[in-house]
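> Next up is a structure, given as structure tokens.
Values quoted throughout were computed directly from the atomic coordinates according to the rules given, and no laboratory measurement underlies them. Just so it is clear, the model here is predicted, and its values are computed rather than measured. Please note: Cβ atoms are built from the backbone with ideal geometry, for glycine as well, and neighbour counts cover all protein chains shown.
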Amino acid sequence: MNTHVPGPSLPTEIQADVLAVEGIAAVPLILDVVCRTTGMGFAAVARVTEDRWVACSVRDGIGFGLRPGGELPLATTICNEIRGSGTEVVIDHVAEDPAFRCHPTPALYGFQSYASMPIRLPDGSFFGTLCAIDPRPARVSDPGVVGMFRSFAELIGFHVDAHRRLAGGEALRRSESFVRSILAASPDCVKVLSADGVLAYMSAHGAVLNQIDCVQDILGREYASLWPADEQAKLRDAVRRAAAGETVRIEGLCPTAKGEPRWWEVSFAPFVSEEGGGTKLVAISRDITERYHAEADRRAGAEALRSLNEDLERQVADRTAELRLSRDIIASSAAPICAFDTDYRVIAFNQAHSDEFFRMFAHRVRIGEVFPDLLPPDQAPVMRALMTRALTGEVFTVTEEFGDPDLAKPCWEVSYSPLRDQDGRIVGAFHYAKDVSMRLQAEAELARTQEALRQSQKMEAVGQLTGGVAHDFNNLLTIIRSSVDFLRRPELPEDRKRRYLDAVSDTVDRAAKLTGQLLAFARRQALKPEVFEVGERLRAAAEMLDTVTGARIRLDVELPEDPCFAKADLSQFETALVNMAVNARDAMDGEGVLTLRLTRRAGLPPIRGHAGAEGAFVAVSLGDTGRGIAPDQLARIFEPFFTTKPVGKGTGLGLSQVFGFAKQSGGDVDVETRLGRGTTFTLYLPEVDVVPDRLPGRAVEPDAGSPMGTGQSILVVEDNVEVGRFATQTLDDLGYRTALAVNAEDALDKLGADGGGYDAVFSDVVMPGMGGVALAKELRNRFPGLPVLLASGYSHVLAQDGVEGFELLHKPYSAEQLARILRHLTTRRPVGPVG
């Protein structure tokens with residue numbers, strides 16, 4: 001990409017601001033921490049005015065080419081928009097961000113992830129931005145990362161203001177202890193070295209990481225000498241380069257003081273102490289042992305981000321030795337912050353906190369007031385308990401509702417950390433709060449919107465099935481009706497009668513199978529990932545896809561012999577198959593060849609600029625012989641509501657559902673196309689090697705013996721009178737004694753207190769009032785030895801909760817199936833009274 005060099009000489013005031021940032025010893029360290037914790041390669045502090053964007057300090061690991069004093073055209077930057085709005089901009093992936101995927105800036109500068117935080121001075125005026133970019137997507141919208149950026153931006157604003165005051169003659173103390181108070185919050189091992197590599201300081205957490213009992217024993221020694229002999233030359237070279245002005249990063253193996261082998265990532269950066277002593281080096285060591293042995297393990301990074309968010313949000317509040325300086329930091333912060341002593345009395349707060357407290361409780365906080373006592377009686381104990389936790393040394397963040405009980409209470413995210421004196425004793429704590437009500441409301445609304453979108457996608461796919469299902473059912477009904485007409489003829493020979501009876505039976509089985517596929521596909525349910533054998537599901541779905549695509553499209557299925565398993569939401573998987581099949585059908589104008597193929601892959605290839613992934617994946621491909629996709633449309637095919645079909649022919653939700661399902665399941669979807677040659681969509685899902693448990697309840701396998709009963713008494717519970725009458729008449733003909741209850745309440749009355757002499761209960765699942773599952777559970781409590789058989793064609797209750805261990809007979813069922821299962825249940829019933 002093109003880089004920019006400084007234009008004509010900068011105005012004097014901007015030159016002064018660039019020098020002010022360059023004079024902040026902590027800025028290079030801040031930029032290094034930003035890049036290391038986010039994985040982004042470029043970070044900068046920029047001065048942004050009405051007509052200029054000027055780099056003040058830069059950390060460039062991707063070859064962007066910008067240096068301090070360098071400029072970018074203001075109109076080409078997102079920072080210009082931030083200057084106008086005053087709000088931060090955070091983008092995980094430009095290509096997936098609806099607000100910025102068409103913005104010209106990402107394409108101009110070649111980045112996919114972006115974060116920029118406004119830097120404001122204590123008087124509220126806008127100075128510039130703390131920004132970071134990378135050509136790859138990055139997880140920067142995490143609250144921990146955003147909190148870290150915000151804290152650093154406020155810290156830089158404080159320093160710039162202090163520099164300006166120094167230039168005007170008003171002295172503000174800034175010292176190396178200020179920088180150390182930032183470093184003490186780091187979860188890594190932080191050290192200060194002399195320019196020749198002698199260890200002068202190590203953070204307390206660093207001693208824990210290195211299993212060092214007494215840090216004083218190693219202070220004054222050459223840092224490189226603490227490493228194994230074969231690593232020392234690398235350490236000394238890094239120290240030499242850092243002392244010459246470079247920022248250096250190395251990796252190496254060094255055991256702890258107790259001999260445990262660990263891999264470390266060590267960063268060296270120079271700074272000039274304002275307390276004298278010339279150039280010194282900051283060295284930050286991170287334990288990367290787990291990452292080194294287990295590739296791409298980001299848990300340690302996530303923990304570091306959370307720690308940074310908790311500690312740095314308090315603006316050098318943790319472990320600072322100077323309460324006066326802490327008060328200055330609190331006063332300069334735009335976020336609501338206050339500090340209290342060990343008696344819960346307020347010792348410092350800023351204007352933002354005072355304004356927010358007044359908004360919530362119509363009271364202005366004063367120094368010396370006991371903070372929990374200012375809250376309503378039902379909220380005071382909660383606040384006191386939180387403050388007590390902070391006074392024990394704990395650093396934490398919680399979400400609670402605080403406010404006037406007569407008004408709508410806002411939801412607050414409240415963070416605490418201890419305040420320590422020069423000797424490390426806890427003398428109070430910091431309280432930082434932000435109103436997250438709007439964010440939580442937005443998240444809830446987003447969840448509702450996503451659920452509505454999933455249902456609209458599912459219903460679109462169901463609509464695609466309607467015509468084919470109606471056609472198939474009409475065919476099946478034609479067979480049944482014709483067979484029944486022939487069976488009514490008294491002169492029909494016995495062999496032809498058997499043939500027509502077999503035809504009716506086979507056709508009912510086919511109709512039941514088609515109904516089962518449609519219900520399994522279309523039911524409304526929460527996302528439920530489950531392990532399934534992919535080949536088995538594709539074989540079962542082939543008939544459904546054949547119905548969707550129509551008679552003029554030939555479906556070829558290619559499956560491996562060995563089983564392979566994936567874990568995903570099965571309903572969403574089948575929805576994705578239908579959506580891809582419908583897309584292929586329309587691309588072929590209803591005529592051609594559709595190939596469904598299942599293969600196993602050793603990894604996930606890079607797709608649309610995304611990095612690939614290692615591990616086992618299953619690849620489900622649907623290839624068509626259609627017209628292909630035009631290059632200018634290829635980049636948009638997965639966008640929601642984008643469609644090339646005429647109005648009324650498609651919503652543009654089908655392929656977006658496939659994309660969302662693949663991403664949510666830990667996979668991806670790829671597309672290969674050639675104009676005039678067809679298109680192949682390949683759905684990748686992570687392969688698992690665990691054989692899944694089958695249904696949560698058991699479908700009963702009937703006995704092979706005689707279905708005839710021997711006088712057993714069966715209570716049939718069925719709200720549909722015709723179905724109930726058929727069941728009782730059939731069982732009566734087969735040697736059972738029956739009684740019919742029209743609902744669960746009627747059944748409980750007939751059973752009475754002793755079971756009514758019944759040998760089993762046969763109940764439908766879906767009934768008005770108490771359902772079949774609830775009835776079965778009640779009977780299990782009242783009469784533990786009484787067998788219960790449930791029957792259902794479909795129930796959302798079964799889809800969500802299963803059958804609670806009861807026997808289940810799927811509708812439609814035959815009279816013989818019902819009789820055999822009841823005989824099985826009644827003959828294994830234990831002897832003895834019921835009750």
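> So if I place +1 on the C-beta of Lys and Arg and -1 on the C-beta of Asp and Glu, and nothing else carries charge, what would the dipole magnitude of the stretch 1-112 be about its Cα centre? I want it in debye, nearest 20.
Here the size comes out at about 200 debye.
> Hey, another quick one. Would you mind calculating the gained length between THR599 and ILE250 on full extension (0.36 nm times residue separation, minus the Cα-Cα distance), in nm to one decimal?
Result: 121.5 nm gained on full extension.
> Also, quick follow-up: Can you list residues whose amide H is under 5 Å from VAL427's amide H, if they're 5+ apart or on another chain and H is modeled 1.01 Å from N?
Residues meeting the amide H criterion: LEU419, ARG420, ASP421.
> While we're looking at this one, here's another question. For ASP237 and ASP589, calculate 0.36 nm times their separation in residues minus their Cα-Cα distance, and state this gained length in nm to one decimal.
Once the chain is fully extended between ASP237 and ASP589, it gains 119.9 nm.
> Also, I was wondering about something else. Just rank HIS824, HIS810, fewest to most, by other beta-carbon atoms within 10 angstrom.
HIS810, HIS824
> In whole Å, how far is the Cα centre of the stretch 44-97 from that of the stretch 570-605?
Each part reduced to its Cα centre gives a spacing of 43 Å.
> Still on this structure: Could you tell me the calculated FRET efficiency between HIS103 and SER141, based on Cβ-Cβ distance and R0 = 25 angstrom, to the nearest 0.05?
Between HIS103 and SER141 the formula returns 0.90.
> How many nm is it between the label spots at ASP217 and ARG366, if each spot is 7 Å from the Cα in line with the beta carbon?
For ASP217 paired with ARG366, the spin-label model returns 5.5 nm.
> What share of Cα pairs, in percent, lie more than 29 angstrom apart in the stretch 12-167?
Counting every Cα pair in the stretch 12-167, those more than 29 Å apart make up 9 percent.
> Quickly work out the LEU675-to-VAL504 label distance, labels modelled 7 Å from Cα along the C-beta direction, and quote it in nm with one decimal.
Once both label points are built, they end up 5.9 nm from each other.
> Which cross-chain or sequence-distant (5 or more) residues have an amide H under 5 Å from the amide H of TYR201, H modelled 1.01 Å from N in plane?
VAL192
> Please go through the stretch 536-599 and write out the trypsin sites (Lys or Arg not before Pro) that DSSP classes as loop and that have at most 14 other C-beta atoms within 10 Å.
Passing both the DSSP loop test and the Cβ count: ARG552.
> Tally Lys/Arg at +1 and Asp/Glu at -1 over every other residue whose Cβ is under 11 Å from the Cβ of SER225; what's the total?
Counting the neighbours of SER225, the net charge comes to 0.
> Let me ask something additional. MET767's amide H: which non-local residues (gap 5+, or another chain) put their own amide H closer than 5 Å, with H modeled 1.01 Å from N in plane and none for Pro or chain starts?
GLY772
> To the nearest 0.05, what FRET efficiency results for VAL398 and SER85 with a Förster distance of 30 Å applied to their C-beta separation?
Once rounded, the FRET efficiency stands at 0.50.
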